[in-house]
Amino acid sequence: MSKIIGIDLGTTNSCVAVIEGQQQKVIENAEGGRTTPSVIAYTDNDEVLVGLPAKRQAVTNPENTLYAIKRLIGRTFDDEVVSKDADMVPYKIIKADNGDAWVQAVTKNLLRLKLLQKF
Amino acid sequence: MPKDKKNNKLDVEDKADTSSENITEESENIGTPSYEELIDKNEDLEKSLLRANADLDNALKRSANEVEKAHKYGVEKLLIELLPVIDNLEHALNNLSKKATKDDKEGIELTLKSFESALDKFGMIPIYPVNEEFNPEKHEAVTMEKDENKKDGSIGNIFQRGWELHSRIVRPARVTVIKN
């Protein structure tokens, strides 16, 4: 029998649930939380942090901590919402060749240039 | 009225007749399943039995796991509510008034100690990262600070102790991180 899984990818928090029998059940994360912050961070040690740990280190690494990027999905760089966001967030929003809004995270050793494209 | 009843009875009999006819027609259409069909069906049934058994096994394992978690972390909410009391005792120790005697201080220290040992019995361990590297899994960066004597990325001040319950972070330690 096929299994059913549902993912609520939110702007600030995300949640995953499965159908067990007739009932839905939210899957808890490693820390027992039923929701996980929609935050991803690229650290100088080339580590990728997701969720609460990413949020906790945001102060130390604001340029490479990406949050609320769901707002950019499907928008072009010239969009009003994007230019408003670009002034408010510490990470860089750049213009892709096709005009889409992309976000950029650059780690200290410049080995990696992360371009999270239009998903 | 009795007439109506009779009619109803007749109707029912009529329906019964037609439905039995339908059944005979259907069985004639389908015919007896062939040997290959039966083998296929048997294989399908065996597979679904295996799958059902595996599902049951998984469900049992998961429920056992959940019971264990409930035992381990059931007290989590209560303990979280008790943490501010510990914080306040610590604040009291750090900000004793000048009028406070040695005995007052000792009293608070003993209360704090007994409180901590009570939490320890339930698996609550404090996180107090002195001279450690900042680790976002256990610590929360509140702000950055400069200190020539310390390495980048290490912890400067500790604003608030963290707590973990059976290696799950209940509250991260709130710290400052060095960046020169």
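The values are calculated or read from the model by the stated rules, or taken from the named source; none is laboratory data. Not measured: the values here are computed from a predicted model. FYI the Cβ positions are ideal-geometry reconstructions off the backbone, even for glycines, and counts take in every protein chain you see. SASA here: full protein model, heavy atoms, side chains in, ligands and nucleic acids out. Shrake-Rupley method; radii C 1.70, N 1.55, O 1.52, S 1.80 Å.
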Count of residues meeting criterion [assigned to a helix (DSSP H, G or I) and either within 11 Å of another protein chain (Cβ to nearest Cβ) or over 24 Å from A:G21 (Cα atoms) (or both)] in the stretch B:30-53: 13
Which condition breaks for A:P53 when tested against (1) in contact with a Leu (Cβ under 8 Å, 6 or more places away or on another chain); (2) in a helix (DSSP H, G or I); (3) not aliphatic (A, V, I, L, M)? (1)
Over the stretch A:21-51, the set of residues among the acidic types (D, E), within 10 Å of chain B (Cβ to nearest Cβ) and over 26 Å from B:K77 (Cα atoms) is A:D44, A:E47
Given the criterion within 30 Å of B:W163 (Cα to Cα), surrounded by 10 or more Cβ atoms within 10 Å (Cβ to Cβ) and at pLDDT 90 or above, identify the matching residue among B:E68, B:E46, B:E81. B:E68
Answer with yes or no whether A:K55 is under 30 Å from B:A52 (Cα atoms), basic (K, R) and touching a strand residue (DSSP E or B) at 6+ places or on another chain (Cβ under 7 Å). no
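Which residues, taken from the stretch A:81-94, are open to solvent by 60 Å² or more (accessible area, probe 1.4 Å) and touching a strand residue (DSSP E or B) at 6+ places or on another chain (Cβ under 7 Å)?
A:K92
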Among the residues of the stretch B:160-179, is there at least one that is within 13 Å of chain A (Cβ to nearest Cβ), in a loop (DSSP other than H, G, I, E, B) and under 12 Å from A:V59 (Cβ atoms)? yes
From the list B:E28, B:E36, pick out the single residue that is surrounded by fewer than 10 Cβ atoms within 10 Å (Cβ to Cβ), modelled with pLDDT under 90 and more than 22 Å from A:G33 (Cβ to Cβ). B:E28
Return the residue satisfying two criteria in turn: it lies in the stretch A:14-56 and is open to solvent by 70 Å² or more (accessible area, probe 1.4 Å) and of a type in the set (S, T, N, Q), and of such residues it is nearest to B:V170 (Cα to Cα). A:T35
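Can you tell me which residue in the stretch A:57-66 is farthest from B:N180 (Cα to Cα), limited to those that are more than 7 Å from chain B (Cβ to nearest Cβ) and crowded, with 20+ Cβ neighbours inside 10 Å?
It comes out as A:L66.
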Would you pick out the residues in the stretch B:124-142 that are part of a strand (DSSP E or B), within 13 Å of chain A (Cβ to nearest Cβ) and either closer than 23 Å to A:N29 by Cβ or touching a Phe, Trp or Tyr at 6+ places or on another chain (Cβ under 9 Å) (or both)? B:I127, B:H139, B:E140, B:A141, B:V142
Can you report the number of residues in the stretch A:95-105 which are surrounded by fewer than 16 Cβ atoms within 10 Å (Cβ to Cβ) and either of a type in the set (A, V, I, L, M, F, W, C) or more than 16 Å from the chain's Cα centre (by Cα) (or both)? 5
Give the residues of the stretch B:90-106 that are among the charged types (D, E, K, R) and assigned to a helix (DSSP H, G or I), sorted by residue number. B:E90, B:K102, B:D103, B:D104, B:K105, B:E106
Please state which of the following conditions B:E109 fails to meet, knowing it meets all the rest: (1) outside any helix (DSSP H, G or I); (2) away from chain A (no Cβ under 14 Å). (1)
Single unsatisfied condition, B:K98 versus (1) at pLDDT below 90; (2) more than 30 Å from B:R161 (Cβ to Cβ); (3) loosely packed, with under 10 Cβ neighbours inside 10 Å: (2)
Can you report the number of residues in the stretch B:125-163 which are open to solvent by 30 Å² or more (accessible area, probe 1.4 Å) and within 27 Å of the chain's Cα centre (by Cα)? 10
Hey, among A:G32, A:G6, A:G74, which residue is part of a strand (DSSP E or B) and over 13 Å from the mean Cα position of the chain (by Cα)? A:G6
Which numbered condition A:G10 fails, given (1) open to solvent by 80 Å² or more (accessible area, probe 1.4 Å); (2) in contact (Cβ under 8 Å) with a residue 60 or more places away in the chain: (1)
